[in-house]
Amino acid sequence: MFQLNTASYREWRAAKLASYPDSAAELVTEIGGLTDLSTDQKGAILSSCRRANMAIYTCRDASVDRQVIRIFAAQFGLRRLDHHLCANEDGVSELAVASEGVRGAYVPYSSRSLSWHTDGYYNVVSRRLQAVLLHCAQDAAKGGRNAVLDPEIAYLHLRDTNPDYITAFEHPECMEIPANNGADGEIRPAVSGPVFWCDPTSGALRMRYSARKKNIRWRNDAATTAARECLSELLGDKDGPVLRFKLRPGQGLLSSNVLHNRTAFEDTSAAKRLLYRARFFDSITGGEEKL
Ligand SMILES: [Fe+2]
């Protein structure tokens, strides 16, 4: 993907490491409403996305409707939504505890913790996600914290440790997700693909990953196993580059589908966690211009 040891790669690496934030607070932009961003506010959000492939905003609106979420995203060139199994008809999901229905069968719609992953790692190639927006309408009384890591930082760490790890993670059969079979037959076919690849449209590094032990078939070779161990150590390093925060009502995370996890949480009758989530096939842009 990137040519090893070229001057341009070394420059890119040095700039990335120099600008990567020490805390999630460095990525926060205060905005007014989601639908009336000023040029400066939009510029600040895009600047955070350039630094870390993600931005956090704090706005005055906690309870928004799904249409507002879509209008906000469109200001960053995000229009093509992934209408997946648990999304509403307009493609925006409401992440809250669901005890019944199709959502009740999936961990994101429970109060349980979520292990490290990128969204849509099980999607077929033609439906790979480029961007995700999470907006918090209500946080949980206890727990529900997120940890995140820019895939470019994960890439650099793995490559610095051993370039063979990158070769292993770029293999087209590196990580396979078995078919999802429901009571009425196959919901999704088995999907095999790399962990890292270069998006042909945006030229950006992209990543699909899941730390789940079940329902993932990893390529069975020494380099892949060692690369997975190296990545898990990085993700578990308390003093490493992982950023941690808890989205509060009115806050949101706009990202190029970065690595993330979630701690378990507890709702109360007064505070039931609700996050809106929209996932896009478009890359984050400032309108016409690509990041
Ligand atoms: Fe996720």
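The values are calculated or read from the model by the stated rules, or taken from the named source; none is laboratory data. Note that the coordinates shown come from a computational prediction; the quantities given were computed from them, not determined experimentally. Using ideal geometry, Cβ is built from the backbone for each residue, glycine included, and neighbour counts are taken over all protein chains shown. All accessible areas refer to the heavy atoms of the entire protein, side chains included, with ligands and DNA or RNA removed. Shrake-Rupley method; radii C 1.70, N 1.55, O 1.52, S 1.80 Å.
Starting from the Cα of Ala271, step 7 Å along the direction of its Cβ; do the same at Asp90; then give the gap between the two resulting points in nm.
Each label point lies 7 Å from its Cα, and together they span 2.7 nm.
Sum up the charges of everything whose Cβ sits under 12 Å from the Cβ of Cys59, counting Lys and Arg as +1 and Asp and Glu as -1, but leave Cys59 out.
Counting the neighbours of Cys59, the net charge comes to -1.
Compute the length gained on full extension between Arg244 and Ala226: take 0.36 nm times their separation in residues and subtract their Cα-Cα distance, giving the result in nm to one decimal.
Full-extension gain reported as 3.9 nm.
Which one of Tyr122, Ala271, Pro194 has its Cα pushed farthest toward the positive end of the charge dipole of the chain, where Lys and Arg give +1 and Asp and Glu give -1 at the Cβ?
Ala271
When ligands, DNA and RNA are left out and all protein chains stay put, how many square angstrom of accessible area per residue does the stretch 132-217 have with a 1.4 Å probe?
43
Could you give the length gained by full extension between Glu173 and Arg127, i.e. 0.36 nm per residue of separation minus their alpha carbon distance, to one decimal place?
14.8 nm
What does the charge count near Leu274 come to, summing +1 for each Lys or Arg and -1 for each Asp or Glu among other residues with Cβ under 11 Å from its Cβ?
Computed value for this residue: 0.
Ignoring ligands, DNA and RNA, what percent of the 1.4 Å accessible area of the chain is carbon and sulfur?
47
Using a Förster distance of 30 angstrom, determine the FRET efficiency expected from the C-beta separation of Trp12 and Arg79, and round it to 0.05.
FRET efficiency, Trp12 to Arg79: 0.55.
So for the chain, what percent of the C-alpha to C-alpha distances run longer than 35 Å?
15
Can you give the % of DSSP beta bridges in the chain that are antiparallel, to the nearest 5?
Here the share of antiparallel DSSP bridges comes out near 95 percent.
Which one, Pro151, Gly236, Gln251, projects farthest toward the positive side of the charge dipole computed for the chain from Cβ point charges (K/R +1, D/E -1)?
Going by the charge dipole, the pick is Gly236.
Heavy-atom accessible area of Arg70 with all protein chains present, probe 1.4 Å, nearest 10 Å²?
90
Multiply the residue gap between Asn181 and Ala264 by 0.36 nm, knock off their C-alpha separation, and tell me the result in nm, one decimal place.
Stretched fully, the Asn181-Ala264 segment lengthens by 27.2 nm.
Just how large is the dipole of the chain about the Cα centre, in debye to the nearest 20, putting +1 at every Lys and Arg Cβ and -1 at every Asp and Glu Cβ?
340
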